[in-house]
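Structure record follows, encoded as structure tokens.
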Amino acid sequence: MARYNTPLRYPGGKQKLTPFVVDVIERNNLSGCQYVEPYAGGAGVAMELLMDDVVSSVYLNDFTYPVYAFWKTIKYDPDFLCARILSASLTVEEWLKRREIVRNPEMHSLQEVAYSFFYLNRCNRSGVVGGGLIGGLQQNGTWKMDARFSRNDLIGRVERIAKKADRIFVSNMDAEAFIEAYTPPKGVDAFFYFDPPYIGRSARLYLNDYSPEDHKRLAVSIQASRHKNWIVSYDYDARIVDYYVKQKQFEYQLQYNAAAVYKGRELFIFSDCLHIPESTSFRPINDVLNPPIPAPSLFATD
Ligand SMILES: C[S@@+](CC[C@H](N)C(=O)[O-])C[C@H]1O[C@@H](n2cnc3c(N)ncnc32)[C@H](O)[C@@H]1O
């Protein structure tokens, strides 16, 4: 099984896509850019790109406060996380306490919320924060709550990321407000990867979800934005194809594991100015790449 750099397990985590994102970045001469994820979540791709120095820095934005708290603590206080991981008490009583903190974050410090979120992420089924404890409250399942809590490995990941902390930027904004507010560092290109909550089946996977209306409005915001280099990914859905009908769109098959293993049909949408890597084996969805040959103009001059 592949080993990843992000310490978070994430439903729909996209780290498997890293080779494809690297292809897009290289094909468009964007190596060394600032890589921006307005829906960062587990930041699977961002951490791979940062560790391999494909990009100069990563900007992680997420509207869910505990997710933001986690990345902010990795950047500014990784020792706190490492100490907590080392001494973690993996009991049902502790899990109930951590769940209470994530449910009431305003009553606790940012670091405490960060660690509690991380704890639930590692101890819950499929990493779903609103989901149940691995092995159940009676701990009588085949797998127990410590099954995904390998202390040394997780501390190693936090420490490796922390070494590059000055190249990580974090914020806690609604993605549409973030698109408006974001400016790349001087002299550096920005490359955006938008990975919004799913349209078809996201309910309860994340702490913040989107309605179909939200997805439609987001499509308008992205396509009207002043940013040039962006890709968007979605679970395949005819509404999304429609919202981005003027853009290049491709379908890709990705294997997920959220409760049960299944293959997802993933849709990728590209901004106008991005070149598609030649190696891509994606199936084009729309005709933007193969436009119909125009009928001869009545006003042709030759
Ligand atoms: C599909 S997940 C991103 C997964 C990520 N690409 C990865 O590989 O781990 C979507 C993320 O969007 C966040 N989110 C939901 N609504 C948001 C909003 N309005 N603005 C910004 N982030 C939001 C959720 O907290 C969740 O972490």
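The values are calculated or read from the model by the stated rules, or taken from the named source; none is laboratory data. None of these values were measured; they are calculated from a predicted model. Note: ideal-geometry Cβ built from the backbone for every residue, glycine included; neighbour counts use all protein chains shown. The protein model used for the area step is the full one, side chains on, heavy atoms only, and it has no ligands, DNA or RNA in it. Shrake-Rupley method; radii C 1.70, N 1.55, O 1.52, S 1.80 Å.
The set of residues in region 1-22 that are open to solvent by less than 30 Å² (accessible area, probe 1.4 Å), hydroxyl-bearing (S, T, Y) and farther than 13 Å from A40 by Cβ contains only T18.
If you go through region 209-231 and pick out every residue that is under 24 Å from P184 (Cα atoms), open to solvent by 20 Å² or more (accessible area, probe 1.4 Å) and part of a helix (DSSP H, G or I), you end up with 5. Exactly one residue among L133, L137 is in contact with a helix residue (DSSP H, G or I) (Cβ under 8 Å, 6 or more places away or on another chain), modelled with pLDDT of 95 or more and open to solvent by less than 40 Å² (accessible area, probe 1.4 Å), and that residue is L133. Check whether at least one residue in region 98-121 is in a loop (DSSP other than H, G, I, E, B), open to solvent by 40 Å² or more (accessible area, probe 1.4 Å) and touching a residue at least 12 places away in the same chain (Cβ under 8 Å), and report yes or no. No, every residue in region 98-121 fails to be in a loop (DSSP other than H, G, I, E, B), open to solvent by 40 Å² or more (accessible area, probe 1.4 Å) and touching a residue at least 12 places away in the same chain (Cβ under 8 Å).
Yes/no per residue for (1) acidic (D, E); (2) outside any loop (DSSP other than H, G, I, E, B); (3) under 22 Å from G130 (Cβ atoms):
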| position | (1), (2), (3) |
| --- | --- |
| T6 | no, no, yes |
| R9 | no, no, yes |
| K16 | no, yes, no |
| D23 | yes, yes, no |
| D53 | yes, no, no |
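Among the residues of region 157-172, those that are out of contact with any helix residue (DSSP H, G or I) (no Cβ under 7 Å at 6 or more places or on another chain) and surrounded by 16 or more Cβ atoms within 10 Å (Cβ to Cβ) comprise R157, F169.
Criterion applied to Y234, Y256, Y206 was being modelled with pLDDT under 65, within 16 Å of the ligand (Cβ to nearest atom) and in a strand (DSSP E or B), and the one residue passing it is Y256. Is there a residue in region 60-72 that is open to solvent by 10 Å² or more (accessible area, probe 1.4 Å) and among the small types (G, A, S)? Within region 60-72 (the criterion being open to solvent by 10 Å² or more (accessible area, probe 1.4 Å) and among the small types (G, A, S)), the answer is no, since none of the residues qualifies. Within region 11-22, the set of residues being of a type in the set (D, E, K, R) and within 8 Å of the ligand (Cβ to nearest atom) comprises K14 only. For region 23-58, filtered to residues that are within 15 Å of the ligand (Cβ to nearest atom) and hydroxyl-bearing (S, T, Y), the residue that is most open to solvent (accessible area, probe 1.4 Å) is Y39. Scanning region 59-89 for residues that are more than 15 Å from Q15 (Cβ to Cβ), outside any helix (DSSP H, G or I), within 12 Å of the ligand (Cβ to nearest atom) and not β-branched (V, I, T) turns up N61, D62, F63.
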